[in-house]
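The values are calculated or read from the model by the stated rules, or taken from the named source; none is laboratory data. Since the structure is predicted, the reported quantities are computational estimates derived from the model, not experimental observations. Counting neighbours? That spans all protein chains shown, and the Cβs are built from the backbone with ideal geometry, glycine included. Ligands, DNA and RNA are stripped out before the accessible areas are found, and what is left, the full protein with its side chains, is counted by its heavy atoms. Shrake-Rupley method; radii C 1.70, N 1.55, O 1.52, S 1.80 Å.
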Amino acid sequence: MSMLQVQGLKVAYGGIQAVKGIDFEVAAGEVVCLIGANGAGKSTTLKALARMVPAQGSVRYDGHDILHLPPHALVGRGLALVPEGRGVFGRLTVAENLRMGAYTRRDTPEIARDLESVFELLPRLRERQRQTAGTLSGGEQQMLAIGRALMGRPRLLLLDEPSMGLAPIMVQKVFEVIRSVSQQGMTILLVEQNARLALAIASRGYVMESGTITLTDAAATLLDDPRVREAYLGGE
Amino acid sequence: MDIFLQQIINGLTLGAVYAIVALGYTMVYGIIQLINFAHGEVVMIGAMTALTVIAGLAGSGVPPLVIVLAGVLAAVPVCMAVGYGLERVAYRPLRHAPRLSPLITAIGMSIVLQHVAMMVWSRNFLAFPQIFPNPVFFVGGAAITGVQITIIVLSLLIMGALTAVVFRTRLGTAMRATAENPEVARLMGIDCDRVIALTFIIGAGLAAVAGVMVGSYYGIAHYTMGFVLGLKAFSAAVLGGIGNIAGAMLGGFLLGLVEALGAGYIGDLTNLCHLPWQPDLVAARCAADGHLVLFGSNYQDVFAFLVLIGVLMFRPEGLLGERVGQRA
Ligand SMILES: Nc1ncnc2c1ncn2[C@@H]1O[C@H](COP(=O)(O)OP(=O)(O)OP(=O)(O)O)[C@@H](O)[C@H]1O
Ligand SMILES: [Mg+2]
């Protein structure tokens with residue numbers, strides 16, 4: 001059974017239907033990507049899963065419907081979202097940001113161990129732990145946002161455009177981190193405009209267009225699909 | 001007597017109270033950008049509750065220290081309940097309303113609380129029972145009373161404790177995270193409504209202590225006493241930079257000092273007999289009385305608001321504030 005199973009998900013902002021009844025699923029251990037153009041409804045979909053916007057339909061996570069839960073109840077169930085634009089707390093220190101990632105946890109010794117492994121994965125954060133997050137570079141902030149989500153010990157990680165606004169070299173580094181997190185067994189749903197990178201890391205992909213899913217297949221197949229190449233890979 | 005030193009002592013005492021009250025304004029503002037205009041009334045309710053308990057126990061043979069402690073221990077939970085009630089009933093339903101709605105509601109709640117207090121405690125001035133001898137100490141030509149020392153020391157301890165909570169604990173970090181970005185704070189599993197309610201409760205607890213302080217300092221309590229005190233503490237918070245904890249403390253003490261020094265010297269400064277050239281009418285009055293003062297120390301309240309206007313005109317972000325808020 002899938003870890004995440006979404007059926008007929010709909011989200012509207014006022015009168016505007018941003019997500020128009022989509023179905024998709026993510027199995028445990030998988031990296032699945034959701035690609036699409038600006039305004040397709042990718043972020044809205046992730047926000048609906050994280051209960052940040054009201055939604056209709058059915059979202060089953062670990063077999064339970066989570067659409068009635070308050071947003072702050074999700075991280076305790078192992079569902080973490082790294083939001084678009086990173087959303088680090090700029091006035092808090094790096095260490096405080098990471099500790100907020102573990103806010104719902106009480107297992108202090110385990111938290112210390114996880115902090116250590118986050119620092120191992122993202123050594124820059126260790127050097128900067130006393131610095132306020134607002135002073136970090138964009139790439140470092142993205143690393144912090146990922147590290148902070150990992151501190152909640154998620155089983156399903158939702159990533160919204162981790163490459164946004166980053167220099168190509170930094171994008172490479174961020175994707176290396178995502179790859180290594182996935183290799184440790186994390187289930188990931190990745191939203192990206194950078195379709196090439198996303199499809200390279202994912203096993204399956206969904207293509208979203210104006211609030212609906214228009215295409216889905218194995219990532220390798222999508223990479224070769226003429227429609228995807230035309231629309232999202234610069235038509236090579 | 002050394003007027004300057006004396007006014008410094010008085011200013012520090014007043015400032016300590018302003019700082020404690022200003023913290024309540026600034027913490028709430030920091031987390032939900034609301035000016036809780038009813039906060040001054042919470043201070044008043046603290047003073048009234050403590051007065052009731054202290055008056056009730058006075059002369060019962062209970063040791064005075066225990067009586068005062070009982071007064072404080074009654075005022076704190078009562079005020080916390082009022083603060084929580086305000087948040088729950090008046091502000092939370094308006095969390096997503098336009099910013100003007102909660103602001104006007106806050107003014108409304110201030111009026112409601114005043115009138116409830118009037119019904120409970122009457123419209124008379126109530127004397128704070130003097131159950132303690134209030135010792136007076138003399139330092140360098142100025143007097144400082146036991147009550148003043150207690151107010152200053154206690155407020156410093158409270159400020160230290162609050163700073164530790166906000167900057168060193170999990171709850172405090174969650175408060176700062178919520179203040180900065182509630183949406184993301186929720187993603188961390190922080191129940192923002194709960195954190196906001198706790199912020200109100202902490203602010204109201206501080207207000208209760210401040211209420212007991214002013215009550216015992218002036219020896220008097222009245223159902224309208226929270227209004228001007230609240231406005232002054234709000235001015236102190238704005239002076240320090242609203243939303244900024246250290247700013248509220250600094251602003252409180254500065255405002256207290258400005259006010260005390262202003263009150264101490266305004267009579268001298270506006271004494272027309274000091275003018276080098278005096279119109280006949282003034283000269284005649286000076287010859288008769290020896291002084292002709294334009295503004296007496298009863299103008300003391302003016303200083304806080306002059307400071308507020310000055311800050312809003314020249315440094316709207318306050319002394320320690322970072323950004324200029326263009327919000328309502
Ligand atoms: N808070 C909001 N209020 C109203 N409309 C919104 C809101 N957020 C998003 N929308 C609209 O919903 C649609 C989907 O937006 P969404 O942010 O989900 O797109 P996206 O696929 O993430 O795009 P991008 O790649 O630019 O991040 C867009 O038309 C957008 O204008
Ligand atoms: Mg988006």
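The set of residues in segment A:23-43 that are surrounded by 22 or more Cβ atoms within 10 Å (Cβ to Cβ) and either within 14 Å of ligand 1 (Cβ to nearest atom) or not aliphatic (A, V, I, L, M) (or both) comprises A:C33, A:L34, A:I35, A:G36, A:A40, A:G41, A:K42.
Within segment A:70-83, which residues are open to solvent by 20 Å² or more (accessible area, probe 1.4 Å) and either farther than 19 Å from B:A179 by Cα or away from ligand 1 (no atom under 16 Å from the Cβ) (or both)?
Result: A:P70, A:H72, A:A73, A:G76, A:R77.
Among residues of segment B:1-16 that are within 25 Å of B:G240 (Cβ to Cβ), those with a Cβ under 8 angstrom from a residue that is of a type in the set (D, E, K, R), sequence gap 6+ or separate chain, pair up as B:G11/B:E259; B:L14/B:E259. Of the residues making up segment A:194-206, not a single one is within 16 Å of ligand 1 (Cβ to nearest atom), under 30 Å from A:D114 (Cβ atoms), within 14 Å of chain B (Cβ to nearest Cβ) and crowded, with 16+ Cβ neighbours inside 10 Å.
Rundown of residues vs (1) touching a Leu at 6+ places or on another chain (Cβ under 8 Å); (2) within 24 Å of B:T199 (Cβ to Cβ); (3) modelled with pLDDT under 95, yes/no style:
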position: B:L257; (1), (2), (3): yes, no, no
position: B:Y265; (1), (2), (3): no, no, yes
position: B:D268; (1), (2), (3): no, no, yes
position: B:C273; (1), (2), (3): yes, no, yes
position: B:G290; (1), (2), (3): no, no, yes
position: B:L294; (1), (2), (3): yes, no, yes
position: B:R315; (1), (2), (3): no, no, yes
position: B:L320; (1), (2), (3): yes, yes, yes
position: B:R327; (1), (2), (3): no, yes, yes
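Only a single item in (1) under 22 Å from B:I20 (Cβ atoms); (2) in contact (Cβ under 8 Å) with a residue 60 or more places away in the chain; (3) out of contact with any strand residue (DSSP E or B) (no Cβ under 8 Å at 6 or more places or on another chain) is not met by B:F128, and it is number (3). Applying the condition of being out of contact with any helix residue (DSSP H, G or I) (no Cβ under 8 Å at 6 or more places or on another chain) and assigned to a helix (DSSP H, G or I) to segment B:168-182 and asking which residue is farthest from the other protein chains (Cβ to nearest Cβ) yields B:R168.
Any chance segment B:38-52 includes a residue that's small (G, A, S) and open to solvent by 40 Å² or more (accessible area, probe 1.4 Å)? Checked against the condition, which is being small (G, A, S) and open to solvent by 40 Å² or more (accessible area, probe 1.4 Å), segment B:38-52 yields no hits at all.
Taken together, A:G90, A:G134 contain a single residue that is open to solvent by less than 30 Å² (accessible area, probe 1.4 Å) and at the interface with chain B (Cβ under 10 Å from one of its Cβ atoms), which is A:G90. B:A97 meets all of the listed conditions (1) within 14 Å of chain A (Cβ to nearest Cβ); (2) of a type in the set (A, V, I, L, M, F, W, C); (3) part of a loop (DSSP other than H, G, I, E, B) but one, namely (1).
Note on segment B:247-282: residues that are part of a helix (DSSP H, G or I) and either without any contact (Cβ under 8 Å) to a residue 12 or more places away in the chain or crowded, with 17+ Cβ neighbours inside 10 Å (or both) total 25. Scanning segment A:96-113 for residues that are more than 10 Å from chain B (Cβ to nearest Cβ) and among the aliphatic types (A, V, I, L, M) returns A:L98, A:I111, A:A112.
The lone criterion from (1) assigned to a strand (DSSP E or B); (2) within 11 Å of ligand 1 (Cβ to nearest atom); (3) buried (at least 18 other Cβ atoms within 10 Å of the Cβ) left unmet by A:A48 is number (1).
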